[in-house]
Amino acid sequence: MQTILLLLGSNVFMTFAWYGHLKNLQNKPLIVAILVSWAIAFFEYMLQVPANRIGYKIFTLGQLKIIQEIITMVVFAVFAYFYMGKPLTLNFLYASLCMIAAAYFIFQDAPVGH
């Protein structure tokens with residue numbers, strides 16, 4: 001659970017670092033957006049690195065990656081809808097269902113070739 005919570009926090013910072021400037025810094029010089037994004041990303045990494053170190057004791061590398069991607073989809077959906085005011089389309093739902101299928105397969109944890 002600690003890994004999931006740390007990844008959730010990390011993804012909130014990541015999403016704002018990657019996309020927040022599109023709303024708030026549109027009229028600022030690009031270098032300002034870059035520096036603000038880097039500053040936000042620092043906090044993303046402060047959570048993401050420990051999350052992966054803790055999680056790697058429990059999950060495989062592939063499992064950690066798909067967990068992170070699913071959390072990213074959830075955080076991004078909330079961000080896009082509530083912060084950016086963008087509607088969620090059926091294609092977003094379909095993409096999310098594909099991620100759930102990916103999680104199912106990656107958690108089968110059968111090594112390739114065995």
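Please list, ordered by first then second residue, the pairs with beta carbon atoms under 8 Å, 6 or more apart or interchain, first in the stretch 99-114 and within 14 Å of Gln68 (Cα to Cα), second modelled with pLDDT of 55 or more and outside any helix (DSSP H, G or I).
Ile106/Thr60
Going through the stretch 40-87 one residue at a time, which ones are at pLDDT below 95, outside any helix (DSSP H, G or I) and among the hydrophobic types (A, V, I, L, M, F, W, C)?
Ile58, Phe59
The values are calculated or read from the model by the stated rules, or taken from the named source; none is laboratory data. Bear in mind the structure is a predicted one, so any value in this text is a computation, not a measurement. Note: ideal-geometry Cβ built from the backbone for every residue, glycine included; neighbour counts use all protein chains shown.
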